[in-house]
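The values are calculated or read from the model by the stated rules, or taken from the named source; none is laboratory data. Bear in mind that the values here come from a model prediction, so they are computed numbers and not experimental data. Note that each Cβ is placed from the backbone with ideal geometry, even for glycine, and that neighbours are counted across all protein chains shown. Heavy atoms of the whole protein, side chains included, go into the accessibility calculation; ligands, DNA and RNA do not. Shrake-Rupley method; radii C 1.70, N 1.55, O 1.52, S 1.80 Å.
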Amino acid sequence: VSIRQIDITESVREHFAAIGHDESNHNVVYENAQARERTQILMDISNQCGAFVLGTGDLSELALGWCTYNGDHMSNYAVNASVPKTLMRFLVGYYAQICDNKELSEVLMDVVDTPVSPELLPTVKGKIAQKTEDKIGPYELHDFFLYNMIVNGFAPDKIYRLAKYAWGNTYDDETIYKWLETFIKRFFSS
């Protein structure tokens, strides 16, 4: 694998100027313009190389609508579209533990230990400013909700009761209810 870094700063700034968006306004326009520019570049490079873009989005992000339309949700092949985020984290961590390459293992564990973030906002004192789970809730709960709704066909009230039993030592009832409500709203609006 070769590494190629392309600075999108100027092209995104030109886009902001063209649509009259103040780049100091870090709203959804600011965030999505970056995601869409990255996707445009990836698609164009894949055309240059006679290749295709592998999508990194997973089932949890797709179910919650936590991806930029015409941005990171687009690819030629979405390899992770059927894999929930909690399973993805587990698989990456598991491989990091069993692989013989110490350097690779350290990189993979760094990925597992890094908070989930689209990283579309500037860092604050070198730290990630935008943590997905702070905004939409814990993926472990969302994946539990998703599984029980889609695979088992359970209604929200039953999922809530099951979640209280399964997660009661980790989350209080109000927290479970809050994130279940968020899940249902996001899932059906996505």
Contact list please: Cβ distance under 8 Å, first residue in region 1-30 and under 17 Å from ASP44 (Cα atoms), second residue of a type in the set (Gly, Ala, Ser) and open to solvent by less than 80 Å² (accessible area, probe 1.4 Å), pairs at least six apart or on different chains.
VAL12/ALA33
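Just to be sure before I move on: is GLU61 surrounded by 12 or more Cβ atoms within 10 Å (Cβ to Cβ), not small (Gly, Ala, Ser) and not in a loop (DSSP other than H, G, I, E, B) in the structure I sent?
Details: surrounded by 12 or more Cβ atoms within 10 Å (Cβ to Cβ): yes; not small (Gly, Ala, Ser): yes; not in a loop (DSSP other than H, G, I, E, B): yes.
Answer is yes for this residue.
Matching residues to (1) closer than 30 Å to ASN25 by Cα; (2) surrounded by fewer than 18 Cβ atoms within 10 Å (Cβ to Cβ); (3) charged (D, E, K, R):
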position: ASP134; (1), (2), (3): yes, yes, yes
position: GLY137; (1), (2), (3): yes, no, no
position: PHE145; (1), (2), (3): no, no, no
position: ASN148; (1), (2), (3): no, no, no
position: ALA155; (1), (2), (3): no, yes, no
position: GLY168; (1), (2), (3): no, yes, no
position: THR175; (1), (2), (3): no, yes, no
position: GLU181; (1), (2), (3): yes, yes, yes
Would you say ASP157 is closer than 19 Å to THR86 by Cα and either part of a helix (DSSP H, G or I) or not small (Gly, Ala, Ser) (or both)?
no
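Counting only residues that are of a type in the set (Ser, Thr, Tyr), open to solvent by 40 Å² or more (accessible area, probe 1.4 Å) and under 26 Å from ILE41 (Cα atoms), which one in region 69-95 is modelled with the lowest pLDDT? Walk me through how you get there before you give the answer.
Keep residues of region 69-95 that are of a type in the set (Ser, Thr, Tyr), which gives 69, 75, 77, 82, 86, 94-95.
Next, from what is left, pick out any that are open to solvent by 40 Å² or more (accessible area, probe 1.4 Å): 69, 77, 82, 86, 94-95.
Next, from what is left, pick out any that are under 26 Å from ILE41 (Cα atoms): 69, 77, 82.
Values: TYR69: 81, TYR77: 93, SER82: 94.
Within region 69-95, the match that is modelled with the lowest pLDDT is TYR69.
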